[in-house]
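Worksheet: the structure to be examined is printed underneath.
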Amino acid sequence: LRRSPEDAIDYVTVSDPVIHADGMNKYTSYRVDCRPPLNNNDAAPPPAPHNPNGITDIFLQNNPGQYSSVLRRYSDFLWLYERLHKEKAGAIVPPLPEKQAVSRFSPEFVEDRRRALEKFLRRVILHPELWEAHCLLTFLRADDVSFQHAKNASKGESGGGSGGDFNSNHGGDSMMSGSTMGGAGAFNLTPKNTAGIKKWFSEAKTTFSGDLVSSPDDDLFDEIERYVEALSIQMKRVSSQASGLVRKSKEIANGLFEFGLAFHQLGQSEGEELGAKLQLMGGTADTLSSMAAQHADAELKRLEEPFRDYIKIIHAVKLALHRRHDKRVSYTALQHEIQTREVNLHRLRMTPGSEAKAYSTEMSLQRYQAAANVAQEEYAEISQRVLREVDRFKREKAEEMKLVVLEFIMLEIEVNRGMERVWGELVPRLEEGSVDLTMSSSVAGAIGGVGGGEHQQQHQQQTVVSMPPSQLPPPVPASVPSPAMPSSQPMYSNIPAPMPAVDPMMESSIQYRDNNLPGMGL
């Protein structure tokens, strides 16, 4: 199999799954080792055929010899996945294996999840936008106490929807000091108003959906969204057809197995040389069945699984675009609040005796303007990150698709040549020696009883024709009745004697006309 780019990051491993039972809480822990070598040349990227995208391991260049070994469970990997979305919003975060409620402690599932988690972690380390994320270093190096403290801190920072991103990035003293933003609007972030903040942001997405802030790249992002959506639809169709192809290959393997078994049983009933030839045919079919099963497994790994993984990558691209949209909504909400407070400030300044309220509103306006400036910078940064990620995604997709298709073509050529070679080796073995490949008397009698006298007569003629000229009996004159020949078939007393063949046309009560009348030759 072709090595994927993340296979080069072999100094990061997820191993030794252990199932823990803590009362009603049952979970699986994994050992996560990160052992980048001291010498960068020891972990140089593999040659071009194995690392076609030319990806550079920036993490290794910046962390040589930083050994670490920790125990992590699936929920810890999920925390890393969610934090990467927050710290590096707009990046295409590699997909994480999905949760499973049943059979999640079976050996097969645990091993599959271990491989998937290792693949996820290696992709994150190799990612040009994610390798330096603070949450990644915490995940790899923090001890149990420090890691649990980091998880609890991130839970305290997280909010709902886009507001969660806003609060987590700007959760300092300017945003958590009670009513410092002023007014009774959405950004009066008192601790007991958290539910109202979430509700306001959810309503803001609808309110501002038709009047969002614009940027010079809006048309480009609209085109990207249409491209990703169309690609998702087409890739799902291709993945469905690939799954069907693997399923048919498995059916062919099962069919060849049943076919070979039937020939084995038929050869055992025949015996002697014909039986040996039939069993040889059954053994060949069994060999082809094994080849077809291996072919189905290879198609699963080289065709179906890459397309499934690619659908997950496309979903990750959609999430990156959605993160940019969330930042756009947050920035738009701040702009609307600034406009509202500017109007209120102007009204209060024109009202005598409202100097105190005007001063409070002006301070709140300044804080909103500072927050809007930060949100604008984040929105621009995320937009540029999304553009870089989409460009990288297109480049890697083209190369990956080409390699997947080429591997599939070579697989089909190899398998078909192998099957052709097996069939070709069978033919001379069947033709060895003077073997009478005609059916035995018992099989012929059974076919004659089912198919009628006409089939039996045709079979006898075929048997005579297949005999050498030296063994043909002398012709019998038509006027001299042939003597009764002793039957070579065993006689059974419980089987009635066969009735003489009667022309069904003579016994039928239906009168048939001659076929020589005019117009009957149509």
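The values are calculated or read from the model by the stated rules, or taken from the named source; none is laboratory data. Predicted model, so just to flag it, every value in this text is computed and none were measured. Cβ: placed from backbone, ideal geometry, glycine included. Neighbour counts: every protein chain shown. SASA here: full protein model, heavy atoms, side chains in, ligands and nucleic acids out. Shrake-Rupley method; radii C 1.70, N 1.55, O 1.52, S 1.80 Å.
Could we say that PRO306 is open to solvent by 20 Å² or more (accessible area, probe 1.4 Å), not aliphatic (A, V, I, L, M) and not in a helix (DSSP H, G or I) here? So PRO306 does not fit the description; no.
Restricting attention to region 83-103 and to residues that are out of contact with any Phe, Trp or Tyr (no Cβ under 6 Å at 6 or more places or on another chain) and free of Cβ contacts under 8 Å to residues at least 40 places away in the same chain, the residue that is nearest to PHE393 (Cα to Cα) turns out to be PRO97.
Return yes or no: is LYS99 open to solvent by less than 50 Å² (accessible area, probe 1.4 Å) and either modelled with pLDDT under 95 or more than 23 Å from PRO17 (Cα to Cα) (or both)? Criteria not met by LYS99.
Within region 328-342, is there a residue that is buried (at least 16 other Cβ atoms within 10 Å of the Cβ) and within 29 Å of GLN234 (Cβ to Cβ)? Yes, region 328-342 has at least one match.
Listed here are the residues, each with its yes/no results for (1) in a helix (DSSP H, G or I); (2) among the β-branched types (Val, Ile, Thr); (3) surrounded by fewer than 17 Cβ atoms within 10 Å (Cβ to Cβ).
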| position | (1), (2), (3) |
| --- | --- |
| GLY244 | yes, no, yes |
| LEU256 | yes, no, no |
| LEU261 | yes, no, yes |
| HIS264 | yes, no, no |
| SER269 | yes, no, yes |
| THR284 | yes, yes, no |
| SER290 | yes, no, yes |
| ALA296 | yes, no, no |
| LEU300 | yes, no, no |
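Scanning region 50-76 for residues that are in a helix (DSSP H, G or I) and in contact (Cβ under 8 Å) with a residue 60 or more places away in the chain gives ILE58, PHE59, ASN62, ASP76.
Put simply, of ARG367, ARG417, ARG392, ARG388 the only residue that is basic (Lys, Arg), open to solvent by 30 Å² or more (accessible area, probe 1.4 Å), part of a helix (DSSP H, G or I) and farther than 30 Å from VAL329 by Cβ is ARG417.
Taking first residues from region 234-253 that are more than 15 Å from GLU412 (Cβ to Cβ) and partners that are open to solvent by 100 Å² or more (accessible area, probe 1.4 Å), the Cβ contacts under 7 Å between residues at least 6 apart in sequence or on separate chains come to SER239/ARG308. Looking at LEU121, is it crowded, with 21+ Cβ neighbours inside 10 Å and within 27 Å of LYS26 (Cβ to Cβ)? Against the criterion (crowded, with 21+ Cβ neighbours inside 10 Å and within 27 Å of LYS26 (Cβ to Cβ)), LEU121 qualifies. So is GLU377 modelled with pLDDT of 90 or more, among the charged types (D, E, K, R), more than 19 Å from GLU225 (Cβ to Cβ) and surrounded by fewer than 17 Cβ atoms within 10 Å (Cβ to Cβ) or not? Spelling it out, GLU377 is indeed modelled with pLDDT of 90 or more, among the charged types (D, E, K, R), more than 19 Å from GLU225 (Cβ to Cβ) and surrounded by fewer than 17 Cβ atoms within 10 Å (Cβ to Cβ). Condition check: touching a Lys or Arg at 6+ places or on another chain (Cβ under 9 Å), within 23 Å of THR138 (Cα to Cα) and among the aliphatic types (A, V, I, L, M). Does ALA91 satisfy that? So ALA91 passes the test.
Being more than 22 Å from VAL213 (Cα to Cα), without any contact (Cβ under 8 Å) to a residue 12 or more places away in the chain and under 27 Å from the mean Cα position of the chain (by Cα), is that true of even one residue in region 358-379? So far as region 358-379 goes, no, none of its residues is more than 22 Å from VAL213 (Cα to Cα), without any contact (Cβ under 8 Å) to a residue 12 or more places away in the chain and under 27 Å from the mean Cα position of the chain (by Cα).
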